[in-house]
1. For Leu624, enumerate residues with amide H under 5 Å from its amide H, sequence gap 5+ or separate chain, H modeled in the peptide plane.
2. Accessible area per residue of the chain at 1.4 Å probe, in Å²?
3. Kindly provide log₁₀ I(q)/I(0) values, in the same order as q = 0.06 Å⁻¹, from the Debye equation applied to equal alpha-carbon scatterers of the chain.
4. Summing Lys, Arg as +1 and Asp, Glu as -1, what charge do residues with Cβ under 13 Å from the Cβ of Val272 carry, Val272 excluded?
5. Put a dot 7 Å past each Cα toward the Cβ at Arg154 and Ala363; how far apart are the dots in nm?
6. Which cross-chain or sequence-distant (5 or more) residues have an amide H under 5 Å from the amide H of Ala407, H modelled 1.01 Å from N in plane?
7. Cβ neighbours within 10 Å, averaged per peptide: list 708-716, 84-92 in order, most packed at the top.
8. Sort the following peptides by mean Cβ neighbour count (other Cβ atoms within 10 Å, averaged over residues), highest first: 526-535, 670-679, 242-251.
Amino acid sequence: MAQKSQEKGSTGGTPMVTEPGTARNVVLVGHSGAGKTTLVEALLAATGTISRAGNVTDGTTVGDHDPAAVRQQRSVSLSCAPLLHDGIKVNLLDTPGYADFVGELRAGLRAADAALFVVSAVDGMDAATAALWEECAAVDMPRAVAVTRLDHPRADIDNAVALCQRVFGDNVLPLYLPMLGDDGVSTVGLLGLITRRVFDYTAGLPADVREPDPEHQPAIDESRNELIEGIIAESEDETLMDRYLDGEEIGTEVLIDDLEKAVARGHFYPVVPVCAETGVGLDALLEVLTAAFPSPPEHDLPAVTGVDGSPRPPLTCDPDGPLVAEVVKTTVDRHVGRVSLVRVFSGTLRPDQIVHVSGHGMAERGHPDHDADERVGHIYTPLGAALREVSLCVAGDICAITKSGSAETGDTISAKEDPLLIAPWEMPEPLLPVAIVARSRADEDALARNLARLVAGDPTLRLERNPETHQLVLWCMGEAHADVVLDRLRAGGVDLDTEPVKVSLRETLTVPAKGHGRHVKQSGGHGQYAVCDIEVEPLPRGGGFEFVDRVVGGAVPHNYIPSVEKGVRAQLERGLVAGHPVVDLRVTLVDGKSHSVDSSDAAFQTAGALALRDAAERGQPALLEPIDEVTIRVPDGSVGAVLGDLSGRRGRVLGTEPDSDAEGRTLVHAEVPASELLRYAVELRSMTAGAGTFRRDFVRHDPMPSHLADQARKEHTR
């Protein structure tokens, strides 16, 4: 396929799409350190999009323009880098490889029509990359593999290709073999299996194309036969296999054409060795991206409904169709303001156009449902942080718009006259809580402003203001995600600290008890007089609160009985021993006294609260902690470690079962105290080499162990 590139050449410059068929949207996927960002730089430089490739270590790459990415020397957010090759605009969507930033990866998958899996010839791949391959397979997303870092002393491309075939499965076959230099170590060229040509990069790009040397022929023939059989097996020409088995020489153009169709359908996955530093394979990879990957009209589009949920016909990638676009990423730039990266699925987006911006279904994560009509300002083609103005963005292309007042990540942009809503993409639940405290009143105001911006752009970040613990909690994907969020808050001028996350506990009484409440005061004028006697008994877990009136003879006037209940309820909210709400209790009012002048609503509220506190001294109060039901998805080899760890967390394993959605995975079901799960997102990842995930749901409150309850009481009295 690289031979076609040599014949046609490539052209750089500012890309502009007027027909959907001339666009390609490709997301780069792979673990952190695989070389995705470096590969993007090399492709941009090879096509003349940038004058020279930047360096991750120096913080000069197009993709890693975020200050946090420069500091950490790894991608922390999605970036878009378009290039032009053979008249095709390729939007390269570079995604972070670290698991904490999976939200950015999901956004890239939504915006793309094909995925390029980047695998290091040095480090192989992680389990998360393998799981993502399965995820792409579930939606038939076309895929290819680039094996990178060929220039490293420990590079082993044969082992990397074998690993891809073992992990990714069938039809993962190399299009090229590496050609070593005179030193027998460095990769200086590629052996084209379809064309039977040598692509020599000794002098750089473009490669010198020539006939193979005699010593290359056996390796080419052996691998070529396997490749051709794989291509023919996916061919739409049912006679091709019989002709091949009969010894007919299948033409190169026929093979290339069938290969490109199979890749575009998501049935064949070519492997291309590339080296960003030396340029080896860059032209071959560009040929795959432009000729084999599908154009937007060839890829299924997400479902749409009316804003009210009413059904609508499926979208087509038609520039003249109804406008439907999606905000796949939102950032807030200090100078430009809000910048939204937008994938246009249907219609054409133009400057000064009035559009409808709609976001629904994310209220639980701090994104209230919203609808607004806005005027689009300028439209840009983004190149990392740089914005280059264009006159329009047609269906199938990706652009950036600025200064939108309401657009958030995941929002739908549609025509004002016909508002629509795109089905949301799946977002993982953030499971690492971080409690933050502003250092001053001024910092509190700055914190509120900056949090609103962060939440608008990051749907994996959930903001919680806990009314019981009075903490402001950020729910993050992991430590690296939390570090980036905190850095961005501080960069926005907020001085803040973190503190231990508190778990909302409950209190109850464990044995029946009686309580006496007497509130009598006389200090001139009307006094205060109220006496009440109650009986308290525990209810089963989840029983809530019951108030029963068993007063006889009018000992407590009827109009003051609600006052007693109100005082009891207020004391239940304040707690009895450690300041936590009291639950699962029945309080029965049995007797009392009143005064014709000095009794009042306030006096009986106070007496009711005093009676409950008096009963608590004999009712053996206990602290209850929340228990969560967790479902943990782990590789089979990690089950033992996970079960042992759960035992140390006071967990109760309910059972295990094979994961029906993924071979080699096990689902572990357990009940675990919520206090033991505060850092479980980090620790599970460590136990399973990044492959373990879990979800949690509250089920009930259970009594805390005595030593932990004593500690909680002591902390309350400090």
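The values are calculated or read from the model by the stated rules, or taken from the named source; none is laboratory data. Predicted, not measured: the structure shown is a model, and the values here were computed from it. Heads up, the Cβs are rebuilt from the backbone with ideal geometry, glycines too, and the neighbour counts pull from every protein chain shown. Areas reflect the complete protein model, heavy atoms only, side chains present, ligands, DNA and RNA absent. Shrake-Rupley method; radii C 1.70, N 1.55, O 1.52, S 1.80 Å.
1. Placed amide hydrogens put Arg506, Glu507, Thr508, Met704 under 5 Å from Leu624.
2. 43 Å²
3. So the normalised log intensities work out to -0.47.
4. Result for the neighbourhood of Val272: -1.
5. Simple spin-label model gives 5.2 nm for this pair.
6. Residues meeting the criterion, in which the H sits 1.01 Å from N, do not exist here.
7. Values: 708-716: 14.6, 84-92: 21.4.
Packing proxy ranking, top to bottom: 84-92, 708-716.
8. Details: 526-535: 21.7, 670-679: 19.1, 242-251: 11.0.
The densest-packed peptide leads the list: 526-535, 670-679, 242-251.
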